[in-house]
Structures are given as structure tokens and as C-alpha cells.
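One structure below.
The values are calculated or read from the model by the stated rules, or taken from the named source; none is laboratory data. Being a predicted model, the structure only gives us computed values, none of them experimental. Note: ideal-geometry Cβ built from the backbone for every residue, glycine included; neighbour counts use all protein chains shown. Side chains are part of the model used for accessible areas, which takes the heavy atoms of the whole protein and leaves out ligands, DNA and RNA. Shrake-Rupley method; radii C 1.70, N 1.55, O 1.52, S 1.80 Å.
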Amino acid sequence: MKRSTSTLLMLALLATTPMAFTACSKKDDATEIIDNDIRTNLQGEVKDGQNLVLESGTYKLNGPLIVKAGGKLTIKPGVIVEATPFKDGEEIRYIAVAQGGQILAEGTKEKPIVFTAANKVQQAWGGIVLCGKAPINKGNTANAEVSGLPYGGTVANDNSGILKYARIEYSGYSYNADKEFNGLSMFGVGNGTTIEYIQVHEGSDDGFEWFGGTVNTKYLVATANEDDQFDWTEGWNGTNENWYGKEAASKGNRGIEADNNSNNHLANPISNPKIKNLTLIGRGGVGATEQQYGAEPQAMKLRVGTKAIIDNVVLSNWQVGFDVEHNEGIGYVGDGTLKVTNVKFDNVVKKSKGTKTVPAGSPEGTKGESVDVSAIYTENTNATGAGAGTATPEWAKGWTVGL
């Protein structure tokens, strides 16, 4: 049985709780809350048996919104969730889905869902955090670096919901170097979850980051994020199609930064995603200098034991195409489990470089031995990447910004 709360009840509950919800009997279906009354104060918890429905228009996010186990957050096409400015001492605004909770945010090309901020600048809010029960290699379970929610487990097909045709803008708040929000952070997210047609734009850290898990993705756009456009670690295994990443002219670190486990390069499950149809556009190729950009622009940094199989790739405007670090990754290049096929290089200074692990006991500042890793790639001048080479692919038009 579905029920809608009345305006009077919503207002009464708002006066006594941080978020307005009704309870439901265990014999009932989840309580459906069609929310017309917290547009100016969206925050709190969606608890077990509750389904908060954001129907239309704009909702002001004034603090963390956490979807607990058994809860659902449903967002209809065209809805805007706008994080309000926060002051020192106030909680950062973000949306987090705990293990067992779900977000059902399914926009359309004509009416994408927009998660944004009143201040159109980086670090204006935290972003979106999904925590699932799929395997990770940090331990059986762990706690997310932001939100503190547990993640990981043994449920490969765990389902955290649907994100489709949505933009995440101006996110990525940083507490410190070890505690940073991304645009979309996926902690142990399972492959029952749908992640398709998502853009992360103008974030202060990474656009998309996977912390283990098995979730698959399609049609991802990462633009003008200050660190990496795509990042994975902790044993992520997923199958992916059509990624388009483009750095801003004045900021951005790498197209992809990929790890397995920094403490144990051989930790299982080993990160090993499959990616087909990928375009990465950097901010400096031939003629650029490391001093000019503050770091060496790299299309892909593959390190600490990650594997990956990637096909149909366009790399444009980078100092380095593939940078492989540590003995494990170099070994994977040798046995073909770290491989990128059908690559088109455009304005890329050095196609690949490899660096072995620094021997134990070496003096501080010692650099690892350089090694040839050109076997990581095969070339194809007809590669199309995400669909249109360096140009915006057709599938990314009409619902994105900044392209």
C-alpha cells in the first residue's frame, strides 16, 4: 500500500526532525513520500521502508542526505538538486546511499537530472557517494573515506539503484589529502546497479572513482575535473563502454589514474576492468612543458598492480600516453593482461613509459629503473574512441554542458 504525506503532516514533522518522513508498517509496501514541502531544506535520512520522491523543480540541499538500508530516493526527470553554500562548522552537503539503500534517478536526454550548487565553483559541495556490498580488496569490508559508511562484501550483483541521464557539477570537496569527495564515488558497488549517461563537470578532485566493486557503466562524460577524469582502485572489475574525458585548458591531472592496492599490489580481487570506446583529451601535448602545467599531463597512469583490457582509444594533447609503474604492472604488460588495443595518438609527445619498483632499502629519492612498455598498446589510425574521435560523440549531445 502506498501513501502520500499531506502538507500539514510534512510541516509538522519538519518542526521536530531534520527531515520529514512517515513511518510504515512492515506489512505495507514502502511509504511513498511525494515531497512538496522540503524544497528549501533537503537533508537528513531516508530510512528503512521510506521512499522519498522528488517530483519536479528545484530542491535546496542544506546538508548531508543519506539513504539508509531499505530506503529509496526517487528523483524524476528534470529535477534539480542544488547544494546551498556552507559556512565554517557546517556539514558539507552531499548525497550518500548506504549498503541496502537505493537511488532511483532516471532522467532523459531531454530532461536530465542535475546535481549542482548555488555557487558555480569547484568544491561547492561533496557530490554523490554510493556504497554497496560487492567485493573489494581492502578487506572484507571497509568504511568510505567520505561519509564513513561501510562498503564491500560478497554480493557481486548488489543493486544500489539507477543513475541515468544525470549531471553532477561543481563537486569534490576536500577535507584533507586522504579524505576527498569526487563527483561520483562508487564504493563496492555491485553490477546490479545501472550507471549510464552520467556527466561529472568541474569537480575539484576526480570525476568518477571506483573503490572495488563490480559495477558496469556506459556513456560517461568527465569534463574539467581538477584531478583525474576517471580513477579506480581496490579491485574494481566492471565492463564499460563509451567514456569521454576532456580536461580544462588550465587544470586537470590525468585522463585515467588506475590502481589495484597501494599496500599490497597483489591483493585480490585484482583491479581488472574492461573498457571499450574511450576518448581522453588533455591540456598539453607537443610544445607543452611540465613547468607550464605543474605536472606532466598523462593520458593513463597505470600502477600498483592494476590490470585492464581497453580497446578503441583516442588520446589527444598529452605529454605521455601510457605511464606504467611498478613491477606487477610491467609483468602484466608482458603477459597481455594489461593491454590497450587500437589506439590513435593525436599530439602525444611520448606514447609510453615504464618504471620498475624502487628496490627495498634504497635511499630516499631513488627513482625506479626505466623500462620499455610499448607492448601495452597497438595502434590504429582509424580508431574512433567514444564515437567521434576527439569531437563530441553524438550520444553525449543534448544533456551535457561544457562540450
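If we scan segment 354-368, do we find a residue that is surrounded by fewer than 19 Cβ atoms within 10 Å (Cβ to Cβ), at pLDDT 95 or above, of a type outside the set (F, W, Y) and out of contact with any Gly (no Cβ under 9 Å at 6 or more places or on another chain)? No, there is no match, as no residue in segment 354-368 is surrounded by fewer than 19 Cβ atoms within 10 Å (Cβ to Cβ), at pLDDT 95 or above, of a type outside the set (F, W, Y) and out of contact with any Gly (no Cβ under 9 Å at 6 or more places or on another chain). Among the residues of segment 247-270, just one is in a strand (DSSP E or B) and open to solvent by 30 Å² or more (accessible area, probe 1.4 Å), namely R254. So is G238 open to solvent by less than 50 Å² (accessible area, probe 1.4 Å) and out of contact with any Asp or Glu (no Cβ under 8 Å at 6 or more places or on another chain) or not? Spelling it out, G238 is indeed open to solvent by less than 50 Å² (accessible area, probe 1.4 Å) and out of contact with any Asp or Glu (no Cβ under 8 Å at 6 or more places or on another chain).
Restrict the check to segment 306-319 and report whether at least one residue is within 15 Å of K274 (Cα to Cα), part of a helix (DSSP H, G or I) and either touching a strand residue (DSSP E or B) at 6+ places or on another chain (Cβ under 9 Å) or among the polar types (S, T, N, Q) (or both). Checked against the condition, which is being within 15 Å of K274 (Cα to Cα), part of a helix (DSSP H, G or I) and either touching a strand residue (DSSP E or B) at 6+ places or on another chain (Cβ under 9 Å) or among the polar types (S, T, N, Q) (or both), segment 306-319 yields no hits at all. Give the residues of segment 137-191 that are touching a residue at least 12 places away in the same chain (Cβ under 8 Å) and in contact with a Leu (Cβ under 8 Å, 6 or more places away or on another chain), sorted by residue number. Within segment 137-191, S160, G161, I162, L163, I168, L184, S185, M186, F187, V189 qualify. Checking segment 326-333 against the condition returns a match, with at least one residue being on the phi < 0 side of the Ramachandran plot, exposed (fewer than 15 other Cβ atoms within 10 Å of the Cβ) and small (G, A, S). Inspect all residues belonging to segment 58-71 and state whether any of them is surrounded by fewer than 18 Cβ atoms within 10 Å (Cβ to Cβ), in contact with a Ser or Thr (Cβ under 6 Å, 6 or more places away or on another chain) and β-branched (V, I, T). The answer is no; no qualifying residue exists.
Restricting attention to segment 113-143, the residues being open to solvent by 10 Å² or more (accessible area, probe 1.4 Å), at pLDDT 95 or above and closer than 17 Å to K60 by Cα number 2. Residues that are closer than 10 Å to T306 by Cα, not hydrophobic (A, V, I, L, M, F, W, C) and not in a helix (DSSP H, G or I) within segment 327-354 comprise just one, T337. Filtering segment 225-246 to residues that are modelled with pLDDT of 95 or more and either more than 22 Å from A156 (Cα to Cα) or part of a loop (DSSP other than H, G, I, E, B) (or both) leaves Q229, E234, G235, W236, N237, G238, N242, W243, Y244, G245, K246.
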